[in-house]
Amino acid sequence: MALQPRGAYSQQGVGARTIDQAQLDEGLRTYMLRVYNYVGSGLALSGIVAVLVVMFPPAFEALYSVVQTPRGLATQPTLLGWVVMFAPLGLIFVMQHQFRARSATSLKATYWAFCALFGASLSYILVVYTGESVTRVFFITAATFGAMSLYGYTTKRDLSGLGSFLMMGLIGIIIASVVNIFIGSTALQFAVSVIGVLIFVGLTAYDTQRIKQDFIEYRMEGGLATKSAVMGAVSLYLNFINLFMLLLHLFGNRE
């Protein structure tokens, strides 16, 4: 066998690594774009369903009853309203625990149902808050979410440790929110909203990095990539919705 200069082998190795890295980068961009498309289309579906429920009074009245309070309009869920509010949690459980058994098409259908039910459960905000404040807070949320997701995608810092801290904080504000249902403290609710905003801002960056790293580690393709993108979209969708609701509580104007 004819010998080649060491540089020839070196160049071939560099070229192979360069091509492999280019393919990985292209696959990652495609994958993340798919995740964001699912998030965006899921939010759009939720918004459309919320508007349709409000535009059809019998549907809204089946979910909520409207009451007047000193602070303005408020709503109380009916029995069906409670079912619709908790149904998305059940669908998340189904998607997580039947991830490998379900096809990509089935998982996507469950995701759309999840977003539609979430939209129906959030329809009350279009009655309780002014349209102007809902629109304003939505764009504030979108800008904050976009900035933090971009940070999570581009930062070289490992955010895995931050994720554990944020999850503990999330559990804390959930417990505080449940307690506040019984004591009705406005000060506690304000504190929960402020801390909650910080937590979901951090979770947006953490989840974005986690989704990116999962693709790089497992090099997902085909149906597995589609299903993983859907589950990644669920995480980012929930971060967006929770951030939006907390900001709306802080800055929204009631009817």
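Things to note:
- Being in contact with a helix residue (DSSP H, G or I) (Cβ under 8 Å, 6 or more places away or on another chain), at pLDDT 95 or above, under 30 Å from Leu236 (Cα atoms) and among the aromatic types (Phe, Trp, Tyr) is a property that does not hold for Tyr31.
- Ser65 being of a type in the set (Ser, Thr, Tyr) and assigned to a helix (DSSP H, G or I): no
- Per the listing Phe182, Phe190, Phe200, the residue uniquely in contact (Cβ under 8 Å) with a residue 40 or more places away in the chain, assigned to a helix (DSSP H, G or I) and over 24 Å from Leu150 (Cα atoms) is Phe190.
Condition check ((1) of a type in the set (Lys, Arg); (2) within 18 Å of the chain's Cα centre (by Cα); (3) on the phi > 0 side of the Ramachandran plot) across all residues:
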{"position": "Leu162", "(1), (2), (3)": "no, yes, no"}
{"position": "Gly169", "(1), (2), (3)": "no, yes, no"}
{"position": "Ala176", "(1), (2), (3)": "no, no, no"}
{"position": "Ile181", "(1), (2), (3)": "no, no, no"}
{"position": "Gly184", "(1), (2), (3)": "no, no, yes"}
{"position": "Phe190", "(1), (2), (3)": "no, no, no"}
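- Residue list for region 118-159, filter: among the hydroxyl-bearing types (Ser, Thr, Tyr) and either free of Cβ contacts under 8 Å to residues at least 40 places away in the same chain or out of contact with any strand residue (DSSP E or B) (no Cβ under 9 Å at 6 or more places or on another chain) (or both): Thr135, Thr141, Thr144, Ser149, Tyr151, Tyr153, Thr154, Thr155
- Of all residues in region 22-67, those satisfying the criterion of being hydroxyl-bearing (Ser, Thr, Tyr), crowded, with 16+ Cβ neighbours inside 10 Å and within 30 Å of Glu255 (Cα to Cα) are Ser46, Tyr64.
- Residue within region 125-135 that is crowded, with 19+ Cβ neighbours inside 10 Å, among the hydroxyl-bearing types (Ser, Thr, Tyr), at pLDDT below 95 and touching a helix residue (DSSP H, G or I) at 6+ places or on another chain (Cβ under 8 Å) present: yes
- Among the candidates Leu166, Leu150, Leu198, Leu188, the residue that is under 21 Å from Phe240 (Cβ atoms), modelled with pLDDT under 90 and not small (Gly, Ala, Ser) is uniquely Leu166.
- Some residue of region 68-87 being more than 26 Å from Phe138 (Cα to Cα) and not in a helix (DSSP H, G or I): yes
- Counted residues, region 209-255 - those being within 26 Å of Phe99 (Cα to Cα), hydrophobic (A, V, I, L, M, F, W, C) and part of a helix (DSSP H, G or I): 14
- The set of residues in region 90-105 being without any contact (Cβ under 8 Å) to a residue 24 or more places away in the chain and surrounded by 14 or more Cβ atoms within 10 Å (Cβ to Cβ) consists of Val94 alone.
The values are calculated or read from the model by the stated rules, or taken from the named source; none is laboratory data. Just so we're clear, the structure is a prediction, and the values are computed from it rather than from any experiment. No Cβ is skipped: glycine too gets one built from the backbone with ideal geometry, and neighbour counts run over all protein chains shown.
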